[in-house]
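Heads up: the structure comes next, in C-alpha cells.
The values are calculated or read from the model by the stated rules, or taken from the named source; none is laboratory data. Quantities reported herein were computed from a predicted structural model and do not represent experimental measurements. So basically every Cβ, Gly included, is an ideal-geometry build from the backbone, and we count neighbours across all protein chains shown. The accessibility values were calculated without ligands, DNA or RNA, using every heavy atom of the protein model including side chains. Shrake-Rupley method; radii C 1.70, N 1.55, O 1.52, S 1.80 Å.
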There are 2 protein chains.
Amino acid sequence: MCFPQLLAAQRPTASEQAVEQWGLYEITLAGPTAGNPFADVWLTAEFSSGAKKIKVSGFYDGEGVYKIRFMPDATGQWSYLTSSNAKPLNGKKGSFTCRAPSATNHGPVKVREMYHFQYADGKPYYPFGTTAYAWTHQPEPLQEQTLNTLKNSSFNKIRMCVFPKTYSYVEEEPALFAYEAKNRTKLANGKLKYEWDFTRFNPAFFRHLEKRITDLAKLNIEADLIIFHPYDKGRWGFDSMGMKNDLFYIKYLVARLSAYQNVWWSMANEFDFIKNKPREAWDVYSKAVVEADPYHHLCSIHNGTEYFDNWKPYFTHVSIQNGSTVEDFGRAVLLRDAYRKPVVYDEVCYEGNLPQRWGRLSPEEMTEAFWQGVIAGTYVTHGETYRTPGDTIFWAEGGRFHGQSPARIGFLRKLVEEEPGPLQLADPWKDHQTAQADSAHYLIYFGKQMPPEWVFSLPKKGAPPTGAVFKAELIDTWNMTITPISETFRLGDVKDYRVYDDGFKKIRLPAKPYLAIRLTQVN
Amino acid sequence: MCFPQLLAAQRPTASEQAVEQWGLYEITLAGPTAGNPFADVWLTAEFSSGAKKIKVSGFYDGEGVYKIRFMPDATGQWSYLTSSNAKPLNGKKGSFTCRAPSATNHGPVKVREMYHFQYADGKPYYPFGTTAYAWTHQPEPLQEQTLNTLKNSSFNKIRMCVFPKTYSYVEEEPALFAYEAKNRTKLANGKLKYEWDFTRFNPAFFRHLEKRITDLAKLNIEADLIIFHPYDKGRWGFDSMGMKNDLFYIKYLVARLSAYQNVWWSMANEFDFIKNKPREAWDVYSKAVVEADPYHHLCSIHNGTEYFDNWKPYFTHVSIQNGSTVEDFGRAVLLRDAYRKPVVYDEVCYEGNLPQRWGRLSPEEMTEAFWQGVIAGTYVTHGETYRTPGDTIFWAEGGRFHGQSPARIGFLRKLVEEEPGPLQLADPWKDHQTAQADSAHYLIYFGKQMPPEWVFSLPKKGAPPTGAVFKAELIDTWNMTITPISETFRLGDVKDYRVYDDGFKKIRLPAKPYLAIRLTQVN
C-alpha cells in the first residue's frame, strides 16, 4: 500500500501556493532526524492577514519532514513566520493568497442559534449521520466500498474512530497503527501482541486517516472523529496509555488534523466505559483538544450509560447515546431544554438483526427515531447492524447497507432541507407532534399513532394571524410519498390555545402508521 | 396584630440558654439606633466547639435590638465571640450546651446519593410538596386555616414566596411589607401606591415570616422559600429593586432565616419571567445566598419556559417547571440523567378548574404525575387551583383543599416510605414502568395503560438470582387499595434481558387505569 503525501506532492513550494478560503494550506520543511523528533522538536507558525493573527502547531511527519497546516478563514493576502527550537525550522517566512471558496466549499460547521448548525458561510447544516467505527482500519477495497456506499447515500456525517476497534463482529488486525511497535509477538490465539513506543507516532497511519477524511470531505461528509474509545480491552492498549501519552497523542492529532474543515472532535465513544480514565480526566483531555485547535471545530463527548457534563464550555454540542429519547413523543426536546446546546442523539440503537437489543431496531423504528428527533428540534444518527452471511456490518467495518432506513432518512433530509430554517416544536411542552420552521411552515408527525383524521389545528404560539391560508401535503414517511391535499385551510380565531380552520376542516388519514403532514402558507 | 419576638421571649439570657442539635440558638444584644442600623452596623459571631468554627451574621431587629441566630450541627459545648463596628455589639462572649435532638427533630434536609434527599441524621426524606405562594400574606384566620389543612395532609414541603403576589385570583393587599414605606398614596383603582426605603427593613414582616416557618417546622414541613418572583408587575416593585437592593435584601433574609432548619432557598419562581433581571444576575444572587448561608441549606432555581443552568455548583438540586415531564412514561428520568442531581418537578400544572391550561389537571392527572415522577427516581410537587365560590384557591392564598389528589399523594408517600430506600427505574432506558428500591423491592406502575394481565417479569439488571421468591400486591393508586395476590413467584433464568417466574405465571389485572404492582422478596 502507498499513502502519498496528500497535497504537497501536487503543489508548488509553500511561498507560491494559493489556497481557497477554508481550504488546507500546507508548509513542508526539512528538519532534524536525530533523537526523537516527535518529542524533541517543537514547531509553530503565526499566520497573519491584516490585524488577524492565528498561531498553529506544526508536526513531524517522519523522515526529516516537518509540516504546518493552516485553514484560512478569510480571503486575501496571508503571511506566516515559523518558530521552532530546531534552527532549520525557525524563522521561516512566506506568504500566499487565499481566494474565494469554490461552490461546494461552505467551510467548517458551526453552531447556529443555540440549537442548530450551519456552515461557516451561513448555509444551514442539518446532521444526518451514520456510524462506521472502524472503517478506516479495514482492507483497502472495503474502505473504497464504504466510500462508494456513502456517496450513494444521503448521510452527511459519519462517526469513526481514530484507533482500531476490537469487539463483537470487528476482529481484524489493521494494516497500520498510530505508533511504532518496539516489539511484536504472536499469541497462542493467533493474535499479535505489540509493545508500543508511545513517544513515536507512525506518520503513515495518520496520512491514511487524513486521506480518508479528505475523501469524506469530497462527499460533503463531516468526519465525527472519535479520539478515545473503550473497544480495546488490552489487545493494543490504546485505551490505557496513561495521561501523559494521551495528551501527547491529542497534541499530535490536533496539529495534524485541525486544518481539515470537515473534522469534528468526539472526545470519546462511551467515555464512561473506559474504566481506566476517571471522569475528571475528560476535562483535561477536552481542554487539551480545544486549546490546541485554533479553528474551534465542533467538539462533543459521547456517553455509555452516564452522561458527561455536556454543558461544559469545551463542548459545542451534545452527543447522546440513549435510544429511549427518540422512540416516543415528548422526550427528545427535554435534553435540549436542559443543555441549551444543539443535541445530536448519536446512538439510539441500530437498525439490524443482532441478538443484542442495541442492534435490532426495525427499519421502521430507526426511521421513526429520526423523525422524533427532528420534529423536536434535535438530530439523530443512524447505524446499521445486519449480520449478513459473507458480508461486513456497516456499523463496525463499513461496506454496504442492507437496511431500509437509509432511503427514508434521505427522504426526511430532503424535507428538512426544503424548510426555510431549522424545525422546532411550536408549543414544546404541550404539543409533541407539531414542528415549525417559521409561522408559514409546519411539519406534523404522527409516528405509530393512526388517527382516522386530523382536524386542522395549530398551537396559537407562533401561528400566523387569522386569515392565513395553508396548503397541506400528506407525507407517508415510510413509503416516501408526498400527496397534495386538494383543499386549502384558512385560520380562524384562537380557541383555547389553538387555532383551527375557520370551517373546522379536517384531513382524512389512511389507516397507516408513520404519516406526517406538511403545511405551507400560501397567502 | 402582634408578632412576639419568637423564641427570645420564652428564654433565659443567651449565656444560660441550652439548645438542641439543629435547633435555633439566639443571642439578643442592645445596640445603636442612630442613623440607619440596617445599613450602618455590621455584626457577626464566630461559634466554636472543639476545632469546629462557624461564622454567622447577625441582623438588626428594630428598636435597638440586634440578634444573632445559630443552628448547631453537633452536640456538646459551644462558645461564641461577636464582632461588630458598633462597640456595644463587639466582643460579646458566651457559651451554651447543645443537647441531643428531640425525637421529631432530624435536622435540615441534605442531598443523598446524587439523586435523593435525607435529613442530617440520615433519615430518608422524600419530598411530597404542595404550593401556596402567598399564604403568609393573607388575613390571619386564613393562615391558620392553611396550617390546619397542611396538618391534616401528607405534604412535607411547601413552595411559598417571601414577597407578596399580585396575579389572577390573588389581589389582596398584605398587612405587612418587608420594607418601611416612605410614602403611600391611594390610586384611582383603590389600590395603594407605596414608595419604599429599600435600605430599611420592616422587622415585623420578617418576624411574622419566621413564625410561619416555625409553624411549618412543627408540622415537619420544609419551607421552600421563594426569594424573588415576577408576580409584582409594578404594584409594589419588589421584582425591580435593582441589584444593590436585591443583594442587601438577600443578606438580611439569609442572616435572619438560615438558622431555621426547615428553610430551603428557591432563588426564584419562574426566574426567566422576571424581565428586569438578566440571566447573569442569577449567578450573582445565587452565589450571594450560598455564601451567606453557613449551613448550606438546599438551594434551587425554578424556571418559566427556559431552564436556568441547574448544574451550577450553588444549586443542590433541580427545581423544574414542566408538566410534560411527568405526564407519560420515559420522560422524568431524562432530566435526572442530564443534571446528575436530585430533580424535583416543582410545577407540573395544578389540579383545578381554571380556564388556563396550567390550572386544570384532573385529580387523576395530578396523581399520575406524582407516580410518573416517583418511579423515575424523581419528585413532584402538588398545587391546587379550584375556583370555588366564596373560597380561596390554595395554590395562591392557602385555605382548604377541594381536590382529590392530596389523599392519593399521601397514599403514594406512604408506599414510598415503606420501601427500604429511594426508588429508581431498574432498567432506565428500556423499561419505564419498573422501579426498584433494591433487588428485593419493586414497584411497577401502569399509568393510563390497562393491560389485561401482567406476566411476572423483571429487568435482569438489578434482579436477584434465580430462585428468589416474591410476593405481589395489586395497588389501585386511585382507589388507594392494596390487594395481596395469593400466589408467589419464583425467578427462573434470564431470557433476553428479563427474568420471569419459572412457570411464566402472570397476574390478571382489573380493567382499570392507574394500577401498580408491589413486589417483595420473601425468601
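Numerical summary
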read-out	value
Counting DSSP beta bridges with both ends in the range B:127-416, the antiparallel % (nearest 5)	25
Protection-proxy order for peptides A:432-438, A:245-251, each taking the mean of Cβ atoms within 10 Å per residue, highest first	A:432-438, A:245-251
Protection proxy ranking of A:485-492, A:96-103 - average other beta-carbon atoms within 10 Å, highest first	A:485-492, A:96-103
Cβ neighbours within 10 Å from other chains - mean over B:296-307	1
Over the range A:395-513: Kirkwood hydrodynamic radius from C-alpha pairwise inverse distances, Å	15.8
Spatial separation of Cα centroids for the range B:283-299 and the range B:173-196, in angstrom	30
Shape of the range A:452-497, Cα gyration tensor, a/c cut at 1.5	prolate
Aspartates and glutamates with Cα under 12 Å of B:Lys92, excluding same-chain neighbours fewer than 8 positions away	B:Glu46
At 1.306 mPa s and 10 °C, Stokes diffusion of the protein assembly as shown via Kirkwood alpha-carbon radius, µm² per second	49
Residues of the protein assembly as shown: accessible area per residue with a 1.4 Å probe, Å²	37
Beta bridge orientation in chain A: antiparallel %, DSSP, nearest 5	70
Estimated FRET transfer efficiency (B:Leu192, A:Lys287; beta-carbon r; R0 45 Å; 0.05)	0.20
Peptide B:286-293, shielding by other chains (average Cβ, 10 Å cutoff)	0
Residue-span extension gain [A:Asn245 to A:Thr305] - 0.36 nm each, minus C-alpha spacing	19.0 nm
The range B:13-88, relative contact order in percent, only Cα pairs under 8 angstrom and at least six apart counted	40
Spatial separation of Cα centroids for the range A:477-512 and the range A:97-147, in angstrom	37
Cα extents of the range A:269-314 along the three principal axes, largest first (Å)	31, 17, 15
Zero-based 5 Å bins, Cα pair distances in the range A:224-363, whole percents	2, 9, 18, 20, 19, 15, 9, 5, 1
Within straight-line cross-link reach of B:Lys430, aspartates and glutamates at Cα separation under 15 Å, skipping those fewer than 8 residues along the same chain	A:Glu306, A:Glu327, A:Asp328, A:Glu347, A:Glu365, B:Asp328, B:Asp337, B:Asp496
Those lysines that a straight Cα-Cα span of less than 17 Å connects to A:Lys277, excepting residues fewer than 8 apart in one chain	A:Lys233, A:Lys244, A:Lys287
Theoretical FRET efficiency, 1/(1+(r/R0)^6), r = Cβ-Cβ of B:Asn152 and B:Met480, R0 22 Å, to 0.05	0.85
Acute angle (nearest 10 degrees) that the helix B:243-257 long axis makes with the longest principal axis of chain B, alpha-carbon atoms	80
Share antiparallel - DSSP beta bridges, the range A:76-220, percent rounded to 5	85
Theoretical FRET efficiency, 1/(1+(r/R0)^6), r = Cβ-Cβ of B:Gln404 and A:Glu172, R0 60 Å, to 0.05	0.40
Under 19 Å from the A:Lys233 label point (7 Å along Cα→beta-carbon), backbone N, the range A:367-398	A:385-387, A:393-398
In the range A:12-72, the GluC sites (Glu not before Pro) that fall in loop regions by DSSP, at most 13 other Cβ within 10 Å	A:Glu63
10 Å Cβ neighbours from other chains, averaged over peptide B:328-340	6
Chain B - Debye-derived log10 I(q)/I(0), Cα point model, q = 0.09, 0.10 Å⁻¹	-0.69, -0.83
Mean separation of Cα contacts under 8 Å, 6 or more apart, over the residue count of chain A: relative contact order %	11
Zone of B:Asp121's modelled label, taken as backbone nitrogen in the range B:220-264 under 15 Å from a point 7 Å along Cα→Cβ	B:220-221, B:261-262
Inter-centroid distance (Cα atoms) of the range B:353-370 relative to the range A:336-360, Å	33
Violating pairs (Cα-Cα greater than 24 angstrom) within the set B:Lys165/B:Lys275; B:Lys157/B:Lys414; B:Lys110/B:Lys218; A:Lys55/A:Lys182; B:Lys165/B:Lys191	A:Lys55/A:Lys182
Cα-Cα separations in the range B:11-99 greater than 17 Å, expressed as whole percent	44
Estimated distance in nm for a label pair at A:Asp40 and A:Thr466, the labels positioned 7 Å out from Cα along Cα-to-Cβ	8.4
Degrees separating the helix B:203-218 axis from the principal Cα axis of chain B, which is the longest one	30
Highest to lowest packing among B:471-480, B:161-170, scored as the average C-beta count within 10 Å	B:161-170, B:471-480
Sulfur and carbon atoms: percent of accessible area, the protein assembly as shown [1.4 Å]	52
Chain pair B, A: total accessible area buried, heavy atoms, 1.4 Å probe, Å²	3100
Helix A:140-151 vs. chain A, principal-axis angle (Cα, 0 to 90°, nearest 10)	30
